[in-house]
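Here the structure comes first, spelled out in structure tokens, and everything after it is commentary.
The values are calculated or read from the model by the stated rules, or taken from the named source; none is laboratory data. Computed from a predicted structure; not experimentally measured. Neighbour counts are summed over all protein chains in view; Cβ atoms, including those assigned to glycine, are modelled from backbone coordinates with ideal geometry. For the accessible areas, the whole protein counts, side chains as well, though only heavy atoms, and no ligand, DNA or RNA atoms are used. Shrake-Rupley method; radii C 1.70, N 1.55, O 1.52, S 1.80 Å.
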Amino acid sequence: MMLHEKIIKYFKENIKLFNNSFERRDLDILIRYVFDNRTYSEIENIYKDIYFINVLKFAIRRRLSQEPISQIISSRRFWHSKFYVDKNVLDPRPETELLVKKVLELPSSNLSLIDLGTGSGCIAISIAKEKPNFEVFASDISDGALKVAKRNSELYQTSITFIKSDWFSKIDRKFDVIVANPPYISETEYNDLPLCIRRFEPKIALIAGSNGLDCFKKIIKQFNKYLKPKGMLFLEIGSTQKQNIKKLFHYNGYKKIEFLNDLSGKYRVVCVKKDA
Ligand SMILES: C[S@@+](CC[C@H](N)C(=O)[O-])C[C@H]1O[C@@H](n2cnc3c(N)ncnc32)[C@H](O)[C@@H]1O
């Protein structure tokens, strides 16, 4: 039997916290987290140690109370990196990788870019890592989120200027690219979200008024004057929001709007050029 299997068997037999709803995948992740960075022979000797049993028990209790695995292990994978996360930030979601991919496909190698509502910093940092000649800025209204984003930026030694700002309120320059994954959930949709999201992820990162469009309205109204000539705006949108977003751009005078879809055909990113 492999050591990992031996550990799982031991904990299943000796920790009475397990019930049928506890997923094997979660247990695997928590065991790997508790024994992080230890060699095979070290683990062989210590896995029955009361300290490790208690650390694992505590982690299992947190998971049973619906806390997301990412917050328990303080880490979430996004694009090609792992990001530190805590209760101050939205867990980076796989669907946001489409926005990163589209920006990285831009042909220029030395653009200026701002990521509005940066949260953990996952978008700005993923781009800065792959485009070292980009001049990258990132903003958020939340002090807690900015602290997390700065920590991640230090971890990957990316050179990013962080700004505390309510969307464009403290932004005083123009960019080649503006990106944002703003909150886009309506109050009603929020009430239907799983408990693990409502209890542990920041409300300010999710809700955008009664119809989920409040943040888009603010950004779409103002982005043009913060773009350099030929600049571009990229926004992540909810999978059912295409028509409403189109109307918002039309209402603000923009005609050429491009929606980009993910592999499953869902439109998750909208791209608009300056003065389009
Ligand atoms: C959906 S989360 C996205 C976080 C991160 N960019 C990502 O993709 O994982 C939205 C972010 O917008 C921030 N935010 C909410 N209202 C804001 C505002 N008025 N001005 C700036 N940022 C805001 C939240 O704090 C949160 O970090």
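Only one of GLU44, GLU97 is open to solvent by 60 Å² or more (accessible area, probe 1.4 Å) and of a type outside the set (Lys, Arg). Can you tell me which?
Result of the check over GLU44, GLU97: GLU44.
Consider segment 235-262. How many of its residues are hydrophobic (A, V, I, L, M, F, W, C), farther than 18 Å from LEU206 by Cα and either under 19 Å from the mean Cα position of the chain (by Cα) or outside any loop (DSSP other than H, G, I, E, B) (or both)?
4
Say we look at segment 110-143 and pick out the residues that are open to solvent by 20 Å² or more (accessible area, probe 1.4 Å), in a helix (DSSP H, G or I) and within 22 Å of SER70 (Cβ to Cβ); which of these is farthest from the ligand (Cβ to nearest atom)?
LYS129
Under 7 Å between Cβ atoms, which residue pairs at least 6 apart in sequence (or on different chains) link something in segment 255-267 that is assigned by TED's automatic domain parsing to the domain that holds VAL100 with a partner that is assigned to a loop (DSSP other than H, G, I, E, B) and polar (S, T, N, Q)?
Hits for this filter: LYS266/SER239.
Quick check on this structure: which one of GLU44, GLU67 is assigned to a helix (DSSP H, G or I) and at negative phi?
After applying the criteria, what remains is GLU44.
Cβ contacts < 6 Å: first residue in a loop (DSSP other than H, G, I, E, B), restricted to segment 165-181; second residue near the ligand (Cβ under 10 Å from one of its atoms) and open to solvent by 70 Å² or more (accessible area, probe 1.4 Å), any location; separation 6+ or different chain. Result?
If the second residue must be near the ligand (Cβ under 10 Å from one of its atoms) and open to solvent by 70 Å² or more (accessible area, probe 1.4 Å), the pairs left are ASP166/ILE141; TRP167/LYS218.
Identify the residue in segment 65-84 that is open to solvent by less than 40 Å² (accessible area, probe 1.4 Å) and under 15 Å from ILE123 (Cβ atoms) and, among all such residues, is farthest from the chain's Cα centre (by Cα).
The selected residue is SER81.
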